[in-house]
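Visitor: A single structure is presented below for examination.
The values are calculated or read from the model by the stated rules, or taken from the named source; none is laboratory data. No experiment lies behind these values; they were computed from the predicted model shown. Note: ideal-geometry Cβ built from the backbone for every residue, glycine included; neighbour counts use all protein chains shown.
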Amino acid sequence: MLWQDFLELLAPSPFVCDLCQQQIIDEGLPGCRSCLAQLELRLRVLQVSGIPCYAVGVYQNRMKELLREIKYQGNYKAAFVLGMILGLACQEEAALQGVRWILPVPLHANRIRKRGFNQARVLADGMIRVWKRPIYQGMIRIRDTEPQSDLSPVERRKNLQQAFMITDAKVLLGQQVLIVDDIFTTGTTVQTIASLIAGYGAVPRGLFVAKSLSLKGLGGNVNAT
Ligand SMILES: [Zn+2]
């Protein structure tokens, strides 16, 4: 054993923040105080056609940078930290205590290969570090849909309807299921998955890291506060 390792055993080095790689984090927090402040965290309620949905941040500033790093630069650690933040939010929110399953929005295998991971799944892995719930794995994405951002709401829904398949339905009956994703834009994905699992008797809820700043083209059935 090296002398340095021995010293570490006696006095473990404090954790460095995974978001900035600079500041030391206080015990019990998922990131340093500076990063957490920049993320402007609070639980925002989103109204999605009768499905209770929440977001902890807004897609702007530092939050936007981080979510883009996760998606385009494979920043796995940031996704895990944001997942822990979601887990802490769940711990605090009374309306979510009845949740039985966490359901990260599935990504098609082609995209997982390209990116290295499904960011929604990493969020869920971070969540369960602090909020003990099982991850529902009985849904797969069978179609590699087009990127949603270029499409109109009607086109998005059409595009998504056939994209998901349930492989384990019986555990859903009568259970609250929390659908988890990174960004809430129009709500089409969460609505599509919610109606699919509701068909098997589940009671859907939704949780997002950030809501889109401009919620355009919502057709009047999705509002954000
Ligand atoms: Zn930091």
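Visitor: Scan (1) among the hydrophobic types (A, V, I, L, M, F, W, C); (2) closer than 15 Å to V209 by Cβ; (3) loosely packed, with under 14 Cβ neighbours inside 10 Å for the single condition A78 breaks and write down its number.
Guide: (3) is the only condition that A78 fails.
Visitor: Under 9 Å between Cβ atoms, at least 6 apart or on separate chains: pull out the pairs that start in the range 34-62 with a residue that is touching a residue at least 40 places away in the same chain (Cβ under 8 Å) and within 13 Å of L19 (Cβ to Cβ) and end on any residue that is within 16 Å of the ligand (Cβ to nearest atom) and in a strand (DSSP E or B).
Guide: L39/G57; L41/G57
Visitor: Which residues, counting only those in the range 113-125, are in contact with a Leu (Cβ under 9 Å, 6 or more places away or on another chain) and without any contact (Cβ under 8 Å) to a residue 60 or more places away in the chain?
Guide: Answer for the range 113-125, where residues must be in contact with a Leu (Cβ under 9 Å, 6 or more places away or on another chain) and without any contact (Cβ under 8 Å) to a residue 60 or more places away in the chain: R115, F117, N118, R121, V122, A124.
Visitor: Output yes when any residue across the range 177-195 is more than 27 Å from I85 (Cβ to Cβ) and in a strand (DSSP E or B), and no when none is.
Guide: For the range 177-195, residues more than 27 Å from I85 (Cβ to Cβ) and in a strand (DSSP E or B): absent.
Visitor: Okay, next question. Within the range 194-211, is there a residue that is buried (at least 17 other Cβ atoms within 10 Å of the Cβ), among the charged types (D, E, K, R) and touching a Lys or Arg at 6+ places or on another chain (Cβ under 7 Å)?
Guide: yes
Visitor: Next question. Kindly check whether there is at least one residue in the range 153-163 that is in contact with a strand residue (DSSP E or B) (Cβ under 8 Å, 6 or more places away or on another chain), closer than 22 Å to I51 by Cα, surrounded by fewer than 19 Cβ atoms within 10 Å (Cβ to Cβ) and not hydroxyl-bearing (S, T, Y).
Guide: yes
Visitor: Here is a follow-up. Among the listed residues Q38, Q47, Q21, which satisfies the condition of being near the ligand (Cβ under 9 Å from one of its atoms) and either in contact with a strand residue (DSSP E or B) (Cβ under 7 Å, 6 or more places away or on another chain) or modelled with pLDDT under 95 (or both)?
Guide: Result: Q21 is the single residue among Q38, Q47, Q21 that is near the ligand (Cβ under 9 Å from one of its atoms) and either in contact with a strand residue (DSSP E or B) (Cβ under 7 Å, 6 or more places away or on another chain) or modelled with pLDDT under 95 (or both).
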